[in-house]
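These notes concern the structure reproduced below.
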Amino acid sequence: MQKDIKPTLQTQAIWSGESKPFANNASITPIYNAVTFAYDSVEQWQAVGSGEQPGYLYSRSSNPTVALFEQKMQILEGAQAATAFASGMAAISNTLMALLTPGDKVISITDCYGGTAKLFSHYLPRLNIVVETYPSDCQDELIEAIGKGCKLVYLETPTNPLLKLLDIKLISQACIKANAILVVDNTLASPINQKPLELGADIVVHSATKYISGHSDVIGGIACGAKTLIDTIYAYRDITGACLDPNAAYQLIRGLKTLPLRVTQHNENALKLSQFLLQHPKVATVNYPGLIEHPHHQLAKSQMSGYGGLFSFTLKTEDFDQVKTFLNNLNFAHLAASLGSVDTLIGPPSVTSHAEFDREQREQMGIFDNLIRCAAGIEDADDLIQDFEQALALLPND
Ligand SMILES: *Cc1c(COP(=O)(O)O)cnc(C)c1O
C-alpha cells in the first residue's frame, strides 16, 4: 500500500487538488468555459441542485476550473474554505458587505490599499457602518479601541508603501476577547511568506492579481477562512456576481505552481537591493522588514517566513527632478503600478498611488516626494543592483 506523505508548500502548490485524473486523463486542469451543466435526467439535475450529489449548475455560482483554484488556495493558506472573486477589490468589498450590517463598527489602519481605504472613508459610512482607523505605528491605540468593542478588524501587514508591520497574533487575541472577526489582506506577503490564519486571523483576502498570478497578466481575488464565514461571503458573491472567470482561474492555477519558487527569488532580490541601497551615499532611508535595521524586524522574523518582494526608499535629495532622472534611466524596471510580477516594477508613490492627496497630507502619511517604491522582480539580483548603481551615479553628488 502507498504510504501517505505530508507535502511541503512547494509540492502542494503543484499537486494539491489535482490527485484525481481530469477529463480524458489530461495532466493539467481543463478550462471549463461552460456557463451551464447538462444532466441525463431531471432526477439527476435535482440531486445536484439540492446538494445530494456533487456537481455544477451555473458558472456564476460555481465552476470546476474556479473550484480547483479555490481548493489550491484553501490548502496553501491552511483554511477550511475559500471563495474566488473577479479581483482583489471584489474579494475585499464582498467580504466586508457580506459580514457587516448597519450599526456595526470596523477598526482598521490608515494606510490600507487605496481601494480599501475608499470603502472605509466613503461606501461603508453611507450604510451607517462606522469605520475607525489608526496609523499602523499606533498598534497600542488600535488594540485599546478593539477592547471597546467592534464587529470586524481589518489589517494589512506589511503595509504599502512604507512596509510597517502589525502583530497579527497580538491583535487576534484582542479580537477574540471582543468577539470581533479579524480579516487580513495577505497580498504583499503571499501564503509562502505569511500564514495569517495560523496566527489567529479568521479570514485572509488576496489580490490574486499580484504574487499569485505572478506575471501581471490576470486580475483575480480570493477570500479564505473558516467555513461558516466563507459560506456567508460565498452566498453574497453568488448574488453580486463578482465571480472569477474560468480562464482567469486557469492562469492563477498556473501561477500558483511556481509561487514558492518565485517568492523565494522576490525575497532574495528585495533583500539584496535593500542592503545595497542602505549603504549607498545618495540614499537616505530604506524600508524593508528583512533588514536588521528595520524597526519591526524582530516581529517580521517571528510572524513571516520570508520578507517579501516589496521595499521602498528615499533619496537624500528632495529634488523631484532627480527622482525622475533615477527612475527614467533604469534598464530592468518598468515604471508601473502593481507588484508581485516577474519583472521589477518601480515608481514614486507621491505622483502615483498617493497623487490624490496634497503634499501636506502626504507628508503626514510619511509619503515624501523623494520616496520610491520598488516591487523587485525575479531577475538576477546582481543585474538589478548594477542597474540601480548606474542610475544613481547619474545624480549629482552633494
Ligand atoms: C492590488 C491590491 C488590492 C486590489 O486588488 P485588485 O486585484 O487590483 O482588485 C488590494 N490589496 C492590496 C494590498 C493590493 O496590493
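The values are calculated or read from the model by the stated rules, or taken from the named source; none is laboratory data. The structure presented is a predicted model; accordingly, all values stated were derived computationally and were not measured. Positions of Cβ are backbone-derived with ideal geometry, glycine not excepted, and every protein chain shown enters the neighbour counts.
What number of residues in segment 81-104 are hydroxyl-bearing (Ser, Thr, Tyr), buried (at least 18 other Cβ atoms within 10 Å of the Cβ) and not in a helix (DSSP H, G or I)?
2
Would segment 271-286 turn up any residue that is polar (S, T, N, Q), free of Cβ contacts under 8 Å to residues at least 40 places away in the same chain and in a strand (DSSP E or B)?
yes
Suppose we keep only residues that are within 16 Å of the ligand (Cβ to nearest atom) and β-branched (Val, Ile, Thr) within segment 110-149. Which one would you say is nearest to Leu299 (Cα to Cα)?
Of everything passing the filter in segment 110-149, Thr110 is nearest to Leu299 (Cα to Cα).
Can you pull out the residues in segment 192-212 that are closer than 11 Å to Ala79 by Cβ, of a type in the set (A, V, I, L, M, F, W, C) and either more than 15 Å from the ligand (Cβ to nearest atom) or out of contact with any strand residue (DSSP E or B) (no Cβ under 7 Å at 6 or more places or on another chain) (or both)?
Selection gives Leu197 alone.
Looking only at residues in segment 115-165 that are among the small types (Gly, Ala, Ser) and assigned to a helix (DSSP H, G or I), which one is farthest from Pro348 (Cα to Cα)?
For segment 115-165, the residue satisfying everything is Gly147.
With Phe368, Phe332, Phe320, Phe311 as the choices, which residue is surrounded by fewer than 21 Cβ atoms within 10 Å (Cβ to Cβ), within 30 Å of Pro260 (Cβ to Cβ) and touching a residue at least 24 places away in the same chain (Cβ under 8 Å)?
Checking each option against the conditions leaves just Phe332.
Which residue is farthest from the chain's Cα centre (by Cα), if the candidates are limited to segment 32-80 and must be under 30 Å from Pro260 (Cβ atoms) and surrounded by fewer than 16 Cβ atoms within 10 Å (Cβ to Cβ)?
Among residues in segment 32-80 that are under 30 Å from Pro260 (Cβ atoms) and surrounded by fewer than 16 Cβ atoms within 10 Å (Cβ to Cβ), the one farthest from the chain's Cα centre (by Cα) is Pro54.
Return yes or no: is Leu259 away from the ligand (no atom under 13 Å from the Cβ), crowded, with 23+ Cβ neighbours inside 10 Å and modelled with pLDDT of 95 or more?
Here the answer is yes, as Leu259 does meet what is asked.
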